[in-house]
Amino acid sequence: MPCVQRAELRGGRAAVRFRSRKMVAPAALRVVRCGGRAMHGARAVFSVGARFLLCASGDFVKMYSVATEELVQLLRGHSDLVTGVQLAPHNRLQLYSSSLDGTIKLWDFTDGILIKTFTVGYQLLALYALPSSEDSVFVIIPKSGERDTFQLVSVKLTKAAGQDMEAKELSVVLEGVDASPKCTAFGREGEYVASVKDVNLQVYFFKQKQLNRFSLRATNKKGGNNVFTCVACHPQEDCIATGHADGKIRLWRNFNHKKEYTFSTLHWHHDKVLDLAFSLEGTSLLSGGVESVLVQWHCGSDCKRDFLPRLGSAIEYVSISSDGTFYCTSHTDNRITIINSNLRFSKTIQGLIKARDVKTGLVVDPRTKALVLNGEPGHLQFYCLQSDKQLYSLDIVQQEYIHQAGLNQSDLVRVAFSAQGKWLATVEEREETDLELQLKLWFFDEETQSFKLNTRISMPHEDHITAMCFRDTDEMEDDSLMLVTTGRDCVFKVWVILEDTDPEAQQSLSWSCDFVGSYHSYQATNCCFSEDGSLLAVSFEETVTVWDSSTWDLKCTFCHPPGKIRSICFGRLTCSKYLIGATDHGFLCCWNLLSCALEWSAHLNVVVLQPDPLSEHIAAVSWLFKESSLFVFKPNEARPICIQRKFCKERIQFAAFVPRDVPETIGSEKYLWLRRSQLFFLTDTQELMTVSTKSAQERLTLSSKQLAVEESLPVTPFSLLLGKHRHQQSQGDVDLGKIVHHHHEQDSPAVKELLHTPAHVLPSASFLCPIFINSLLVSKENKSTEETPDEVEMESEEAEDDSDEENSVTEMKQEDKMPLESLGETTHRLSKSEEKELRKIRKVDYSWISVF
Amino acid sequence: MASYKPVVIPAVPKLGEKITQDTLYWRGYKTPVQIKEFGAINKIDFSPVPPYNYAVTASSRVHIYGRYSQEPIKTFSRFKDAAYCATYRDDGKLLVAGSEEGSIRLFDISGRAPLRQFDGHTKAVHVVGFLSDKYRIFSGGDDYSSSLWDIPSATEIVSYSEHSDYVRCGCASKLNGDVFITGSYDHTVKVFDARTKSSVMTIEHGHPVESVLLFPSGGLLVSAGRYVKVWDVLKGGQLLVSLKNHHKTVTCLCLNSSGQRLLSGSLDRHVKIYSTTSYKVVHSFNYATSILSLALSPEDETIIVGMTNGVLNVKHRKPEESKEKSQKKRQPAYRTYVKGRNYMPKQEDFFVSKPGRCIMRKYDKLLKSFQSSKALDAVLEPHIRLYTPEVTVAVMQELNRRGTLRSALAGRDEKQISLLLTFVTRRVIEPRFTPVLITVADMITDIYQPVVGQSALVDKQFLRLQEAIGREIDYQEELLEVLGMMDALFATLTEKRATYLEENKSNGLTKTLDQDISI
């Protein structure tokens, strides 16, 4: 169960519904969200000393190590989106967080302990904690009774003991503020608060209890847009910086006078300024916007500025560590970038990039088992489901991305991997007045461990490419490899590798078109190879055509009028004689390739048809009455194995089966199809989901246990590593109730024997020591050698039972076991047959000794 | 964080012939020198000794040319009728030539009058040569006989009358002083040994033999008639390969100095060069008229081709580019390169890595700083615009992608507009540039529509552009018509082939295809 740790419950009502469902039928499938939520809910905060970075992510607060980018701590407790994260002003090891669920929580973030919960009762949209205000924090709440008006209030937090507190002492500071936390800022030592909304700036001085309002004209003569977007206050001077929608930054001074205020303008951004931050001493101002460039303005000299360009995507928040050594930018694509104070890029914390539109679908990289989909514009992201981390991002388009609205830029639309992951084919397109298409073929370079561009084919088709697939034969030779693309220009093309015999050519392999097929000038919509690669099915609107892949003869055609074919796939393994197709008139058809006849059909509006690569099962997702339903079936029988009606309210766009590392043990026969691979979905709101048979309770207990173990440990990178390791181990375990530590000791027969054998029959400690240590070694490479000592132990145990009274014999036996032991240690690469032989020899020895 | 990505210049696969080592080698000749002779040139022979003069036999004269001379340095003109086949002896001191009246004359290179005259042939002698023992001469005549002559006594040693038609070519073995070969119009090549009374081997060529050549090793024999055929003499005259690359009779053969390449000249005006290992054509020269004779100087310094219209075509090899010149350019001392590179860091040293400096093209620098207009200027520089138009077009496309192409094109003066228009007019018809340049042309016309008529230069360019596009459209229409015709043809063809296929399986089809290709 890879994504247990970071999977989230669905927020709000949906989650409630699922929980109740679970109570009714405990073994039912559950839909679990993966990939975490966007990390740009609130400004990220550095801990003191800039060791950790705390940021809001969905319902959680996540703590990352600045040095290693690892997730260190997950603070869970809020039941809705976290909107504000602030260090407690008086105890820098504590943290306030506010959430839409109306509570402020105080955490000890190093240990991950929830200290207190203050219930405010309103939705909290932003949180500000100031050193100057003793025991109160400022929050933005919606004004009761009015829609879309918000107010800044201060909340008195009682210091009384107890976990759950009511915080009802609210006093309104400012009316009519903007809901965004960026639009309010507190000035030097909390003397004043500045807030912007639309074209108005209001400054409230706490001591004087004076409120100054300044307003700008909505648009100026030059066509600029004066709407405020964000505000920041100078930490030492009376100076307010405001960002505007047209990219200007205004620095306001002298604003304690209503009339004699002044402002100066800085202008570099060409689009909205999204966030501003002053450096620690206020000597420089950081600004970020849609251009994804971090700009550092030096306040002393007017026009001097430094840039850190190409940060990937629009900068949502900018924050600075308390000692000023690090800057941090949160981006719209679920990423946090940590930057040194000299504007050198340092680290990046990257989750699943939620691209605006996933066109490539979900593809599994056969090599890393990572999920591959659109990432940054023009990039392909390889997202590791196990660790919720981006493995790497492959630049496909290889063009400079211009961060500007309204530009029509090339985007990645199709991706296909060959069976071993040796080749990657990508299609990118850019549509303006006419279509620009490029088919690129990438070769996996073993040396650099990354994909290298091999062939670039421009305009492979006249029109959009609708589908693409490799011939999935498991043979290692390249000459069997071929790629099929189908296009709306009514043809499908077959591409094969050409070997250049010229020794002077730069590369010997390149791809070229081998065959162009068409069928009655219908648009080709889908293509699919049979499991052995001998047949190719291409769907042309209403018809499925089956071609022989060696001679390119049209073998037969199938259709199920009047619907156009939406998706097709071949059956696998025992069901390889079947071809499954889904039409957009709501039929799922199964044709028999041997008899060329319709085997069965079902009335089902299938939107996604996904075969499992490791079994015969095929998952079909239907969309009916605004609900998605999941059907899993084998092509040889018309009855589905598993039906999960209305399991998701959103429309499912894509699905993918990801093979599991370890087959899961599943009790219910109904869910056996989940044993070897896991099904992931992408909904049209770009949420990644999976189905799981485990109940939420189990998963929660598991993770809380893990936290409990970690509580007693000081947080060092090593302990984190260890903890993570254990955690992963326990995930694979069936019995989740066990504490990790115990589970370890008990599963090894060597240790069991060590503990249960009477002391007088045990050999010397020096002999037992290597066995014990061997039993604790956990690594994949040593698995086989590990097993050997275990088995040896077991056998010796049996032997002991046989000859319990003969101590001397046991001693002898133990001795003759010694060489084998040492063998097992020194020659780790003994082949299995050799081991068997050794064991046989040992058995012979036994008989001989007992006779003696 | 990514660095700036330079503009991708799409590479276009190079069409046409592939440049190999051979093409480079055989292209390394200067433009030919043409020398007019009095009649068809039937033989060119290089002196085997320096300074490598060559004897040209044409009409009733034998001219000796120096290597670089345009005028003959010596002439032998004591022939009443046409002279044939003037050939040097191995030491370059004697020259022998046959003649139309049937006599063979031996000349001393330094003298003028013939040293000896061999009479015996009743008809014209088209082929004479020295045996490799230097004291005998072989000859072949139109009286179907081939004879062997003794030089000191000027008498006939032996005469073979085995051919049944004119004997027109022959050569002597370089290894054996007794062996010579003659080729005749009776379609045979015969190998004679002076020690025997009759020919030792007869090879059936299949066509009238125009030229024969023996490899220096003596193991391979090349004969040329309609085709060039290579025979293995040691295997008793087995055919090795038949080269059917000329489409008219092949008249002359020669080997290059290394013996790795075989050259053949033909009446079809081509000289083809074959590799003697693969027997594939590696290069080919084209001449103005039919070729009768061909010679290659030692070290391949000069190729001389004699043609039917009496023109002698002399090509000299370009001198090797002296490498000393480039070495003379003063380069920084070695120590400047290794400066600091061989420093081994000590253990306590803190290593500060310096990012590698990336060198960017000028347009990339300008694009990086969003100076689109200047970037466009940079790629309209003559050397980029003329030699690498793909760069110009790629930058235009990039500007279009960024949405700044219009502003980059706008605000230009008369000279710049006309320059842009010239570029567009010239390149818009190239298929790989068409999509981008059509957009550019569109934008230019849009932007500069209001100022049309103000400058005669720009107006002219606009008209030219219109003309070019109009012409292109006409071509396309014509091509479509041709395509339609071909489709009609193919439609009828496929029907036939379908029936054909049913009758004989695919094997028959491939055979006929093969034949088609060979024809």
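The values are calculated or read from the model by the stated rules, or taken from the named source; none is laboratory data. Since the model is a prediction, treat every value here as computed from it, not as a measurement. Methodologically, a virtual Cβ is constructed for each residue, glycine included, from the backbone with ideal geometry; neighbour enumeration extends over all protein chains shown.
Checked against (1) of a type outside the set (Gly, Ala, Ser); (2) assigned to a loop (DSSP other than H, G, I, E, B); (3) buried (at least 19 other Cβ atoms within 10 Å of the Cβ), residue A:342 passes all but condition (3). Of all residues in segment A:414-428, none satisfies being surrounded by fewer than 21 Cβ atoms within 10 Å (Cβ to Cβ) and either over 30 Å from residue A:687 (Cα atoms) or within 11 Å of another protein chain (Cβ to nearest Cβ) (or both). Of the strands (runs of 3 or more DSSP E) lying entirely inside segment A:144-193, those containing at least 1 residues that are surrounded by fewer than 12 Cβ atoms within 10 Å (Cβ to Cβ) are A:164-166, A:170-177. Taking the numbered list (1) surrounded by fewer than 21 Cβ atoms within 10 Å (Cβ to Cβ); (2) away from chain B (no Cβ under 14 Å); (3) closer than 30 Å to residue A:422 by Cβ in turn, residue A:360 passes all entries but (1).
Would you mind finding the one in B:431, B:382 that is surrounded by fewer than 18 Cβ atoms within 10 Å (Cβ to Cβ) and within 11 Å of chain A (Cβ to nearest Cβ)?
Just a single option satisfies the conditions, and that option is B:431.
Conditions tested, residue by residue: (1) surrounded by fewer than 23 Cβ atoms within 10 Å (Cβ to Cβ); (2) more than 14 Å from chain B (Cβ to nearest Cβ).
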| residue | (1), (2) |
| --- | --- |
| A:283 | yes, yes |
| A:287 | no, yes |
| A:307 | yes, no |
| A:310 | yes, no |
| A:316 | no, yes |
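Give me the residue from segment B:79-111 that is out of contact with any Ser or Thr (no Cβ under 9 Å at 6 or more places or on another chain) and over 17 Å from residue B:46 (Cα atoms) and, out of that set, surrounded by the most Cβ atoms within 10 Å (Cβ to Cβ). Top of the filtered list is B:103.
May I ask you to say which residue of B:43, B:5 is within 14 Å of chain A (Cβ to nearest Cβ), modelled with pLDDT of 85 or more and surrounded by 13 or more Cβ atoms within 10 Å (Cβ to Cβ)? So that I can check it myself, show each step before the final result.
Working: B:43 fails: within 14 Å of chain A (Cβ to nearest Cβ).
Result: B:5 is the single residue among B:43, B:5 that is within 14 Å of chain A (Cβ to nearest Cβ), modelled with pLDDT of 85 or more and surrounded by 13 or more Cβ atoms within 10 Å (Cβ to Cβ).
Which condition number does residue A:552 fail, the rest of (1) within 29 Å of residue A:653 (Cβ to Cβ); (2) surrounded by 13 or more Cβ atoms within 10 Å (Cβ to Cβ); (3) out of contact with any helix residue (DSSP H, G or I) (no Cβ under 8 Å at 6 or more places or on another chain) being met? Failing condition for residue A:552: (1).
Out of curiosity, is residue B:167 closer than 30 Å to residue B:227 by Cβ, in contact with a Cys (Cβ under 6 Å, 6 or more places away or on another chain) and at pLDDT 90 or above?
Numbers: closer than 30 Å to residue B:227 by Cβ: yes; in contact with a Cys (Cβ under 6 Å, 6 or more places away or on another chain): no; at pLDDT 90 or above: yes.
Judged against the criteria, residue B:167 is not a match.
Listed by first and then second residue, the pairs with beta-carbon distance under 6 Å, at least 6 apart or on different chains, first residue in segment A:341-352 and within 12 Å of another protein chain (Cβ to nearest Cβ) and touching a residue at least 60 places away in the same chain (Cβ under 8 Å), second crowded, with 17+ Cβ neighbours inside 10 Å and of a type in the set (Val, Ile, Thr), are A:347/A:338; A:348/A:337. Hey, among the residues in segment B:180-205 that are over 12 Å from residue B:129 (Cβ atoms) and among the aliphatic types (A, V, I, L, M), which one's surrounded by the fewest Cβ atoms within 10 Å (Cβ to Cβ)? Residue satisfying both the conditions and the ranking: B:200. All conditions in (1) of a type in the set (Ser, Thr, Tyr); (2) more than 14 Å from chain B (Cβ to nearest Cβ); (3) surrounded by fewer than 22 Cβ atoms within 10 Å (Cβ to Cβ); (4) in contact with a Phe, Trp or Tyr (Cβ under 8 Å, 6 or more places away or on another chain) hold for residue A:486, with the sole exception of (3).
Please verify whether residue B:25 is surrounded by 14 or more Cβ atoms within 10 Å (Cβ to Cβ) and assigned to a loop (DSSP other than H, G, I, E, B), treating the condition exactly as stated.
Working: surrounded by 14 or more Cβ atoms within 10 Å (Cβ to Cβ): yes; assigned to a loop (DSSP other than H, G, I, E, B): no.
Judged against the criteria, residue B:25 is not a match.
The condition of being closer than 22 Å to residue A:275 by Cβ, in contact with an Asp or Glu (Cβ under 9 Å, 6 or more places away or on another chain) and buried (at least 17 other Cβ atoms within 10 Å of the Cβ) does not hold for residue A:136. Among the numbered criteria (1) in a loop (DSSP other than H, G, I, E, B); (2) away from chain A (no Cβ under 14 Å); (3) farther than 20 Å from residue B:127 by Cα, which single criterion is violated by residue B:13? Among (1) in a loop (DSSP other than H, G, I, E, B); (2) away from chain A (no Cβ under 14 Å); (3) farther than 20 Å from residue B:127 by Cα, the lone unmet condition for residue B:13 is (2).
Mind checking whether some residue in segment B:28-40 is under 15 Å from residue B:295 (Cβ atoms), at pLDDT 85 or above, more than 14 Å from chain A (Cβ to nearest Cβ) and in a loop (DSSP other than H, G, I, E, B)? Spell out how you get there, then give the answer.
First, the residues of segment B:28-40 that are under 15 Å from residue B:295 (Cβ atoms): B:29, B:32-33, B:35, B:37.
Right, trim to at pLDDT 85 or above and you get B:29, B:32-33, B:35, B:37.
Right, trim to more than 14 Å from chain A (Cβ to nearest Cβ) and you get B:29, B:32-33, B:35, B:37.
From what is left, the residues that are in a loop (DSSP other than H, G, I, E, B) are B:32, B:37.
Scanning segment B:28-40 turns up at least one residue that is under 15 Å from residue B:295 (Cβ atoms), at pLDDT 85 or above, more than 14 Å from chain A (Cβ to nearest Cβ) and in a loop (DSSP other than H, G, I, E, B).
Would you say residue A:262 is over 19 Å from residue A:401 (Cβ atoms) and either away from chain B (no Cβ under 14 Å) or crowded, with 20+ Cβ neighbours inside 10 Å (or both)? In short, yes.
Just for segment B:393-428: of the residues that are hydroxyl-bearing (Ser, Thr, Tyr) and more than 18 Å from residue B:465 (Cβ to Cβ), which one is farthest from the other protein chains (Cβ to nearest Cβ)? Full working, then the answer.
Filtering segment B:393-428 down to residues hydroxyl-bearing (Ser, Thr, Tyr) leaves B:404, B:407, B:418, B:422, B:425.
Those still in the list that are more than 18 Å from residue B:465 (Cβ to Cβ) too: B:404, B:407.
Details: B:404: 9, B:407: 13 Å.
Result: B:407.
Those strands (runs of 3 or more DSSP E) of segment A:234-334 in which at least 3 residues are not aliphatic (A, V, I, L, M), considering only elements entirely within it, cover A:239-244, A:248-253, A:262-267, A:284-289, A:294-298, A:305-308, A:315-320, A:326-331. Annotation: residue B:114 fulfils all but one of (1) touching a Leu at 6+ places or on another chain (Cβ under 7 Å); (2) within 21 Å of residue B:218 (Cα to Cα); (3) not polar (S, T, N, Q); the unmet one is (2).
Yes or no, residue by residue, for (1) modelled with pLDDT of 90 or more; (2) within 26 Å of residue A:532 (Cα to Cα); (3) within 29 Å of the chain's Cα centre (by Cα):
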position	(1), (2), (3)
A:442	yes, yes, yes
A:446	no, no, yes
A:452	yes, no, yes
A:459	no, no, no
A:478	no, yes, no
A:486	yes, yes, no
A:502	no, no, no
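Evaluated against (1) under 14 Å from the mean Cα position of the chain (by Cα); (2) in a loop (DSSP other than H, G, I, E, B), residue B:216 falls short on exactly one condition, (1). Suppose the filter is farther than 19 Å from residue A:415 by Cα, in a loop (DSSP other than H, G, I, E, B), modelled with pLDDT under 90 and within 14 Å of chain B (Cβ to nearest Cβ); does residue A:433 pass it? It is true that residue A:433 is farther than 19 Å from residue A:415 by Cα, in a loop (DSSP other than H, G, I, E, B), modelled with pLDDT under 90 and within 14 Å of chain B (Cβ to nearest Cβ).
Yes/no matrix, rows are residues, columns are (1) in a strand (DSSP E or B); (2) of a type in the set (S, T, N, Q); (3) more than 27 Å from the chain's Cα centre (by Cα):
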| site | (1), (2), (3) |
| --- | --- |
| B:180 | yes, no, yes |
| B:195 | no, no, yes |
| B:200 | yes, no, yes |
| B:206 | no, no, yes |
| B:241 | yes, no, no |
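Just one of the listed residues (A:383, A:392) is modelled with pLDDT under 90, assigned to a strand (DSSP E or B) and crowded, with 21+ Cβ neighbours inside 10 Å, and it is A:383.
Mind listing whichever residues of segment A:622-649 are over 20 Å from residue A:668 (Cα atoms) and within 30 Å of the chain's Cα centre (by Cα)? Spell out how you get there, then give the answer.
Keep residues of segment A:622-649 that are over 20 Å from residue A:668 (Cα atoms), which gives A:622-628, A:635-636, A:638, A:646, A:648-649.
Within segment A:622-649, A:622, A:623, A:624, A:625, A:626, A:627, A:628, A:646, A:648, A:649 qualify.
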